Structures are given as C-alpha cells and as structure tokens.
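I have placed the structure first, in the form of structure tokens, so that the comments after it can refer back to it.
The values are calculated or read from the model by the stated rules, or taken from the named source; none is laboratory data. Fair warning: this is a prediction, and the values are worked out from it, not measured in the lab. We place every Cβ from the backbone using ideal geometry, glycine too, and count neighbours over all the protein chains shown.
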Amino acid sequence: MMNQNSTLFLEAFVVIEAYVASISTLGKGVPFVAQVDSLRLTDQTVQAYAEDLKAFARLRNVIVHERGGGTVLAEPNDWAVQRISHVRDMLIQPPTVAIFATKNVLTIQSADHLAAASRLMYTHHYSQLPVFGDHGYEGLLTIRNITYWLGAQDSQLLDLTQIRVSEVLRHTEVADTAFFVTPDASLVVALKVFSAQHRHGNPIDAVLISESGTAESPLLGIIALADMPAITERLRLSQES
C-alpha cells in the first residue's frame, strides 16, 4: 500500500499532467516528457520548472509501475512532496508582478533639476526614478547613469540645481533600463527578462507596471532590481532553470 507521501505526490502529478496536456499542442498520446520539452520552448513557466517536471515523471513511473509485492519501491520524501506541490501551484496559478510591485510609484519630471532627483532618491532609498516629460514617459533615472554622467563632467564645482534630469538621460549609453508589463504578467517572466538582459550585458533596473503594459498608460507599480532575491525565493526555481 502507498503511504500518505505517495498519495500526495501522485495527486499533485495528476493535476500537473492534466494542465500540461491542456496547454500542449502535441495532441493526445504524446508522453508527458515530450510535452514538457515542447512547451519549454514557448512557455516561460514550464521552461523554469522543466527539469523538475521531468524528474517528477521519472519518480511517478517508479511509484506506479515498479512495486514488489504491492509495496512501493521508491517512496517520495517530504521534500519531494513539498516541491511538486510548489511547482503545481506555480503552474496552475502563477504569481503575478502585481503582488511584488511597489505601489504609488515615485516619479520625477525631466525638467526637474538633478539636485531634486538626487534628494528624492536619497530620502526614499531608491536607486531609480521613472522620468516623465511633456509627452509622457522618457526613461529611467538610475544611480548608475547619474554616476556615469558625473564622471564625464570636467568641472569640479557642479551646481546640481542647474542641471536638468533630461540632460543626464541624454548622456546615458542605454536609452532605457526598464521594461513595461501588465499587472497580470507572470513573476517568472519578469525574473527571466532580468536574468537574460544581464547575461547579454544589457542590465535591466526595473519592471514598470501599467494597465496596457506600455508607456502610454499611467504607472501602477514598479519592481526594482533589488527585489530579485525575494522574487527568486518566492518562485523557488530549480538550479537547472
């Protein structure tokens, strides 16, 4: 007979298997692992947990098919049950960027002086501020591009009250270091964009959330690079992902 861990594991796997089949385009009769390998090319959440899913399939096969005298030969431990339950939840109801976003986003105008922007960043312990102008969103002011701008100046007696934020933005090599998403965008997708951009030498400093997922609608929230460790912990991605 199966004990509670085997039962819980198989129940979770059945839910995962049904979900994978529901989003797969390969049709009925295709093995679970083949469906996962196909989906990981287009589905970021499946990609993130693909190695877990394939490991679960192997363990499921041992539990279901390899028994000696009706006794399960491989019994899932508590960690395996917790892990498959977590992955099931991440697939069925993935957390969105909205749950991690800082609401009431603090912004700055491109015509404002750098002294005011720096004071805001210092006072609120922010490393970036979205910048808006007459025509809407213009970019992200960060500690990094302020530092680069300062390093390029010749004068040792800069008056930051005379320098506009727009001047610093024009000086930056990268036009923007943020990307927009809708409130229902997956945290997995956001994290993977952060990771991919950093691997390619194009660091992202923030995820900006708006109703349309574009700069054309008002900001609803922001996720900063500093939030990434907490997001990684929340998602508990496998090492292989």
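Key figures for this structure:
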item: Lone unmet requirement of (1) closer than 30 Å to residue 165 by Cβ; (2) among the polar types (S, T, N, Q); (3) in contact with a Pro (Cβ under 9 Å, 6 or more places away or on another chain) for residue 102; result: (3)
item: Matching residues, region 183-240, being charged (D, E, K, R), on the phi < 0 side of the Ramachandran plot and touching a residue at least 24 places away in the same chain (Cβ under 8 Å); result: 184, 192, 205, 211, 216, 227, 234, 240
item: Pair list, Cβ < 8 Å and 6+ apart or interchain, from region 135-152 residues that are touching a residue at least 60 places away in the same chain (Cβ under 8 Å) to residues that are surrounded by 21 or more Cβ atoms within 10 Å (Cβ to Cβ) and assigned to a loop (DSSP other than H, G, I, E, B); result: 140/205; 142/205; 144/205
item: Search result, residues across region 87-101 that are surrounded by 17 or more Cβ atoms within 10 Å (Cβ to Cβ) and under 18 Å from residue 18 (Cβ atoms); result: 87, 88, 90, 91, 94
item: Qualifying residue in region 89-103 (condition: without any contact (Cβ under 8 Å) to a residue 12 or more places away in the chain, assigned by TED's automatic domain parsing to the domain that holds residue 215 and farther than 30 Å from residue 9 by Cα); result: no
item: Flag for residue 63 being over 27 Å from residue 194 (Cβ atoms), crowded, with 18+ Cβ neighbours inside 10 Å and hydrophobic (A, V, I, L, M, F, W, C); result: yes
item: Residues satisfying the stated conditions in region 87-139, i.e. β-branched (Val, Ile, Thr), farther than 30 Å from residue 55 by Cβ and outside any strand (DSSP E or B); result: 105, 107, 123
item: Qualifying helices (runs of 4 or more DSSP H) (wholly inside region 158-241; at least 3 residues being exposed (fewer than 13 other Cβ atoms within 10 Å of the Cβ)); result: 228-235
item: Some residue of region 73-86 being out of contact with any His (no Cβ under 8 Å at 6 or more places or on another chain), among the charged types (D, E, K, R), exposed (fewer than 12 other Cβ atoms within 10 Å of the Cβ) and part of a helix (DSSP H, G or I); result: yes
item: Yes/no for residue 220 being of a type outside the set (S, T, N, Q) and at pLDDT 90 or above; result: yes
item: Residue count, region 102-156 (criterion: within 24 Å of the chain's Cα centre (by Cα), at positive phi and surrounded by fewer than 18 Cβ atoms within 10 Å (Cβ to Cβ)); result: 2
